């Protein structure tokens, strides 16, 4: 069977021990003779990550290595979610969310806020949670972090709340939103993959990746 991309199973094979998940800002930063600091956006923010596995048995490490090698370096892509935020803080395993179909209810003209519908009554999203959805004709995948607490009402929708980064052109009403393992599409950073034996039985894997839109 042909392998398809973005690959969906990479994170499960990593047995993550530590992770850092942070944005890269494409900005210029300069000063003037008057002592003013000028900052300009040159492009959209991109999520990046550094992932390190636990010490895992060599057999599991070989499977993870094969998945990494299937990417042909940085040529192909895979889904990555923040291991410390695989679900909302109030519903880490998604048990409360269940089979609810969450969608975008509204999009603010400021491109910073949206509201959701299809949530269980009283469902909580907390500052720091993540959500993901597809947008545009490609489509592309957006990954956003929730910037303020919000709670679904008895009709299953929230008020508008801000997210980071800004919502990009192409986002549409009623688009399905992922709250459990919300993932960005990423590529490996060239030269960042490390696979080394920890002892006679186990190995450790690490890599860095950056979002693609």
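Tell me which residues, restricted to region 102-116, are surrounded by fewer than 20 Cβ atoms within 10 Å (Cβ to Cβ) and either without any contact (Cβ under 8 Å) to a residue 12 or more places away in the chain or over 13 Å from residue 171 (Cα atoms) (or both).
Hits for region 102-116 are 109, 110.
Look at region 86-102 and say how many of its residues are touching a strand residue (DSSP E or B) at 6+ places or on another chain (Cβ under 7 Å) and under 16 Å from residue 183 (Cα atoms).
So in region 86-102, the residues touching a strand residue (DSSP E or B) at 6+ places or on another chain (Cβ under 7 Å) come out as 88, 90, 101-102.
From what is left, the residues that are under 16 Å from residue 183 (Cα atoms) are 88, 102.
So the answer is 2.
For region 1-76, please list each of the strands (runs of 3 or more DSSP E) lying entirely inside it that holds at least 3 residues being closer than 15 Å to residue 207 by Cα.
Working: elements: 16-24, 27-31, 37-41, 46-53.
Per the criteria, 16-24, 46-53.
It is to be established whether one or more residues within region 65-78 are touching a helix residue (DSSP H, G or I) at 6+ places or on another chain (Cβ under 7 Å) and under 16 Å from residue 17 (Cβ atoms). Spell out how you get there, then give the answer.
First pass over region 65-78, keeping only residues touching a helix residue (DSSP H, G or I) at 6+ places or on another chain (Cβ under 7 Å): 67, 78.
Filter once more, keeping what is under 16 Å from residue 17 (Cβ atoms): none.
Looking for residues that are touching a helix residue (DSSP H, G or I) at 6+ places or on another chain (Cβ under 7 Å) and under 16 Å from residue 17 (Cβ atoms), one finds none in region 65-78, hence no.
Go over the candidates 42, 92 one by one and state the one that is surrounded by fewer than 16 Cβ atoms within 10 Å (Cβ to Cβ) and within 22 Å of residue 146 (Cβ to Cβ). If you could, list the steps in order and put the result at the bottom.
Details: 42 fails: within 22 Å of residue 146 (Cβ to Cβ).
Answer to the check: 92.
Within the set of pairs 6 or more residues apart or between chains, which connect a residue that is at positive phi and surrounded by fewer than 18 Cβ atoms within 10 Å (Cβ to Cβ) inside region 61-87 to a residue that is at pLDDT 95 or above and not in a helix (DSSP H, G or I) with Cβ atoms less than 8 Å apart?
Within 8 Å, the pairs are 73/188; 73/190.
Are there any strands (runs of 3 or more DSSP E) wholly within region 121-189 with 3 or more residues that are buried (at least 19 other Cβ atoms within 10 Å of the Cβ) and modelled with pLDDT of 95 or more, and if so which? Before you say what the answer is, go through the steps one by one.
Numbers: elements: 130-135, 140-146, 161-164, 183-188.
In region 121-189, the matching strands (runs of 3 or more DSSP E) lie at 130-135, 140-146, 183-188.
Just checking, how many residues over region 193-213 are over 18 Å from residue 138 (Cβ atoms), in contact (Cβ under 8 Å) with a residue 60 or more places away in the chain and not in a strand (DSSP E or B)?
Total satisfying the criteria: 4.
The values are calculated or read from the model by the stated rules, or taken from the named source; none is laboratory data. Because the structure is predicted, anything quoted here is derived from the model rather than measured. Neighbour counts are summed over all protein chains in view; Cβ atoms, including those assigned to glycine, are modelled from backbone coordinates with ideal geometry.
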